[in-house]
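Inspection log for the structure reproduced underneath, given as structure tokens.
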Amino acid sequence: MEPLNESLFDAQALDFPAALASALAPAALPGHFDELRGIATPEAPARPAAGPVAPTGPHLHDATAGSQSQSQSQSQTQGGQTQTQAPSAVQRAPAADTAAPAPAAGDKPPLLPPWHAFFEQLGPDGFVDLPRRAVSLERQIRDNGVTYNVYADATHGPQRPWSLDLFPLIVSPESWAQIETGVLQRMRVLDRVMADVYGPQRLLAEGLLPPALVRGHPGYLRALHGVKPPGDTWLHIAAFDLARGPDGNWWVVSQRTQAPSGLGYLLENRLAITRQFPQAFEALHVQRLAATYSAMMDGLQRMCPAGVPPHIALLTPGPYNETYFEHAYLARYLGVTLVEGNDLTVRDQRLYLKTLQGLRPVHGLIKRLDDQFLDPLELRPDSTLGVPGLLQAIRAGNVLVANMPGSAFLESPALLGFLPGLARHLLDEKLLLPALPTWWCGERAALEAVLPQLGDCFIKPTYPGIDGRESFDAVLGRQLGRRELDEWAGRIVREGEAHTVQNYLPLSQMPTWASDLGPGHIAPRAVLLRVFAVSDGAQSWRVLPGGLARLAGPDAQIASMQRGGSSADVWVQTHGEVDRTTLLQPQATPASLARHRAPVTSRAAENMFWLGRYTERAENAVRLARLTLNILGGEDQSSRPLLEWLHRMAARNALVPAGVPSAPQSRRVFERALIAELGDVAQGGSVGYSLRSIRQAAAAVRERLSPDHWNQIVRAEADFLRRAAEQAGEGSFATGAALRSLESASSALSAMTGAQTDRMTRDDAWRLLSIGRHIERLSFLANALLAGFQNHAVHEVSGFEAMVALFDSTITFHARYQQRRDVATLVDLLVLDAENPRSLAWVTQTLRGRIARLAGSAPGKLTALSYELPDPATWTLEHLCDPGPADGEDGPYAALAALLAQCEAAAYHVSDAIGIRYFTLTSESLRSVGA
């Protein structure tokens, strides 16, 4: 267990927070570089040679656990000849700005100047205020809805909140200069490797690259051989994972080129941490980030093959991806359209976005999708995430994709070690930023050299996370026993090509704020730094002055977000001027404002439509269930028509399963069945099912919802399902518990309705949400009223009151009609009243108007689809209240019954027509706009 920092904050200590931090902060573990003090902690005594030994601290992350951060290794070659090197401790002269003088025995080294300045800027409350800031940070992350959901799917509950530490990782200008120059050089090498591999392939012919790592890699796309990308640039965004060794220098551990994650999370980290430490952020001259994002977007726009301005979209796998929050956040920040694969279509070798107005050309695509899922026609045929025909559009040169597909082989751990030779061949330069020594075991010389050293290295798959090739979780030799090491050695000898071995490097450790004991304390955590290089033009790149720091957990051996790790902001200091560029346009023109009105995609429109329908459906189900339980538990249960009407409505809306005895037959069985079904998420129509469907639809359009709205949705589902599970054991008290659950759900749904009504822009997406709600309301209320007349429930006082209550019009009815209970008053309020939002006339008229606006017709004019709904202007009280002959063929009130049936049928017909016209883009809507 870590040492517990004492919280004895006397007055003198509070005046010198940096001295207090130096005294309270434990040193890094032995053998690890201490980011706080700029020096490595001396090594512990040598371990015994026999048996497996637990590592002294966290190690390099096992990035093979997921597709967003794959592990890397290296092998050393030059000119096709393997040069092996024993995986021993890294030795290199320490950078002048990072190394601190060695302390005397027993002394604790002083803090580095940046960290000293950081703690001195804590303000008058100093350390006493850190627990409050930690709580504030956690609340901010939760309220902003920042999530990292490792195994998100449709059946699991709320997503996992993003984990962010209170302290930033501070990088000095001198350290950053080493990182920046080295990363830019590596970016140029990787881009030229891509150009050669998909072009003349001289590197393969001359033996500088093994064919097994290129043509034998499933990520190499033969379909793109000979293609020349726009701007002659293959890589637009790349991430490099760096570790600082005990000597204070940075080493490349891995690189990501397919869909590197972190560009959005680091923005959220920056906003959250600078809000907690604004004085320190200014005092330390931390470089801003916006200029790099702006340059990246400018470069992409200039390189796009067509369009003035070009239309750029960000392709996401969807809301169930672990980093979907980042995709939505980044799209909003960059001002691009967030799309999924089924939002796009290829026509005549051109990429289009399916919108409510038709097909809109897409000229650039920032992909957050691994290559194998991009095109089911030419890559994985079972992929539902990609766009059929996308590779053909790329080959035709009609769309820029960042990054170009086919870069997966660059992520192979085995490739890192070939880069020194490739840099000398392609650039005539020596790599300035080294990578950890690595051996690809597909070469006999490397295999023979590394086998005796397995106990001090990582064993990693050559093709991590790639279908069709052997993969496994990376393992650390120090954690294996002799028998296990021998087994691994045998596997490597038999299948050397599939295995890569990388030297072990103890990660540096930075100070973090831990709240596991008492109010909080400083604790060292291992850190891995991810930095990003982005293209700002053709064959031109820049490094984002910041990054994403990933921290190992207190007891973890791996620095990985997927294994419960945390993150930290990265503050890069500068000696020069701080670039205060902003993505906000100081002078907006009408044309620029028009361009920033994002199109409504067909997928987003469909999810908004169903968000509205499920919200209304949940409200109707809650109101009907509450009404039913209150009547079943009331004193007056003598009205058989009323009980039959309640059973018919409950069965029709799937509140009770088929075959359950009706309320008149067995009131108690019917009641228990209704209560049992409330929280059944597998039963379509139940309250729990509707609440879950609301969350699923909202997750697909989360970028359109405010954080408060989203949190309301998540809390409503979680709270109702928790209550439903608890009431299962209530026994005879279940009815009371169910009513309390329904009351709570009703309040939550009212809050959602308020957010949908008053806090959303009235664009076509909102109109579809409103249309969905009113279609659901029209069909439900028309069916309820028709059923009440057909079984004569409304002709009894109890049935009459129940019908008015179901329409949520009790107060209005009694205020207007007092004690009258006749058909005329019922029809007047529930059918004809143009001012009652629950009347059929109001709902129908609102629907006609919304549909007319959606179709883009002139003001005041209706479209053909609007005319599919009955016109309330033709309805009259006299006609609808005419009972007709008592023995008439159509029964009493035939005109009213016909109108109610017409309203219900029209609702379903309009719903189908909207789906065909706006969501699937069939029939006459197959048109292109802005081509």
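The values are calculated or read from the model by the stated rules, or taken from the named source; none is laboratory data. The structure presented is a predicted model; accordingly, all values stated were derived computationally and were not measured. Every residue, glycine among them, receives a Cβ derived from its backbone with ideal geometry; neighbour counts consider all protein chains shown. The protein model used for the area step is the full one, side chains on, heavy atoms only, and it has no ligands, DNA or RNA in it. Shrake-Rupley method; radii C 1.70, N 1.55, O 1.52, S 1.80 Å.
Structure data summary
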| quantity | calculated |
| --- | --- |
| Check on VAL214, touching a residue at least 60 places away in the same chain (Cβ under 8 Å) and closer than 25 Å to HIS499 by Cα | yes |
| ALA907 being part of a loop (DSSP other than H, G, I, E, B) and either modelled with pLDDT of 90 or more or under 30 Å from VAL823 (Cβ atoms) (or both) | no |
| Checklist (1) open to solvent by less than 10 Å² (accessible area, probe 1.4 Å); (2) under 30 Å from PRO545 (Cβ atoms) applied to THR500, failing item | (2) |
| Only one of GLY299, GLY318 that is modelled with pLDDT under 90 and either open to solvent by 10 Å² or more (accessible area, probe 1.4 Å) or not in a strand (DSSP E or B) (or both) | GLY318 |
| Whichever residue in segment 240-289 is in contact with an Asp or Glu (Cβ under 8 Å, 6 or more places away or on another chain) and among the hydrophobic types (A, V, I, L, M, F, W, C) and, among such residues, is farthest from TRP162 (Cα to Cα) | VAL252 |
| Considering residues of segment 168-216 that are in contact with a helix residue (DSSP H, G or I) (Cβ under 8 Å, 6 or more places away or on another chain) and among the small types (Gly, Ala, Ser) only, the residue nearest to LEU137 (Cα to Cα) | SER172 |
| Set GLY685, GLY659: member being closer than 30 Å to GLU340 by Cα and at pLDDT below 90 | GLY685 |
| Residue that is surrounded by the fewest Cβ atoms within 10 Å (Cβ to Cβ), among those in segment 659-702 that are more than 20 Å from the chain's Cα centre (by Cα), part of a helix (DSSP H, G or I) and β-branched (Val, Ile, Thr) | VAL669 |
| Residue match in segment 922-929 (condition: surrounded by 13 or more Cβ atoms within 10 Å (Cβ to Cβ), touching a Leu at 6+ places or on another chain (Cβ under 9 Å) and at pLDDT 90 or above) | no |
| First in segment 660-686 and free of Cβ contacts under 8 Å to residues at least 60 places away in the same chain and more than 18 Å from ALA716 (Cα to Cα), second anywhere and open to solvent by less than 30 Å² (accessible area, probe 1.4 Å) and of a type in the set (Phe, Trp, Tyr), Cβ under 8 Å, 6 or more apart | VAL660/PHE670; PRO661/PHE670; SER662/PHE670; ALA663/PHE670 |
| Filtered residues of segment 321-354 (kept if of a type in the set (D, E, K, R), open to solvent by 30 Å² or more (accessible area, probe 1.4 Å) and either at negative phi or in a strand (DSSP E or B) (or both)) | ARG332, ARG347, ARG350, LYS354 |
| Any hit, segment 626-638, residues being of a type in the set (D, E, K, R), crowded, with 16+ Cβ neighbours inside 10 Å, under 30 Å from PHE277 (Cα atoms) and at pLDDT 80 or above | no |
| Unmet criterion (only one of (1) surrounded by 21 or more Cβ atoms within 10 Å (Cβ to Cβ); (2) under 31 Å from the mean Cα position of the chain (by Cα)) for ARG188 | (1) |
| Test result for ASN269, over 27 Å from the mean Cα position of the chain (by Cα), open to solvent by less than 10 Å² (accessible area, probe 1.4 Å) and not aliphatic (A, V, I, L, M) | no |
| Any hit, segment 715-731, residues being open to solvent by less than 30 Å² (accessible area, probe 1.4 Å), polar (S, T, N, Q) and touching a Lys or Arg at 6+ places or on another chain (Cβ under 8 Å) | no |
| Enumeration of residues in segment 321-358 that are among the polar types (S, T, N, Q) and either modelled with pLDDT of 90 or more or closer than 22 Å to ARG767 by Cα (or both) | THR337, ASN342, THR345, GLN349, THR355, GLN357 |
| Residue tally, condition part of a loop (DSSP other than H, G, I, E, B), open to solvent by 30 Å² or more (accessible area, probe 1.4 Å) and under 15 Å from SER412 (Cβ atoms), over segment 200-229 | 2 |
| Condition check for ALA841: modelled with pLDDT of 90 or more, surrounded by 13 or more Cβ atoms within 10 Å (Cβ to Cβ) and not β-branched (Val, Ile, Thr) | yes |
| Qualifying helices (runs of 4 or more DSSP H) (wholly inside segment 740-836; at least 3 residues being more than 22 Å from ARG617 (Cα to Cα) and open to solvent by 40 Å² or more (accessible area, probe 1.4 Å)) | 810-817 |
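Yes/no per residue for (1) on the phi < 0 side of the Ramachandran plot; (2) open to solvent by 40 Å² or more (accessible area, probe 1.4 Å); (3) at pLDDT below 95:
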position	(1), (2), (3)
ARG360	yes, yes, yes
HIS363	yes, no, no
GLN372	yes, yes, yes
ARG380	yes, yes, yes
SER383	yes, no, yes
HIS425	yes, yes, no
PRO437	yes, no, yes
ALA449	yes, no, yes
PRO464	yes, no, yes
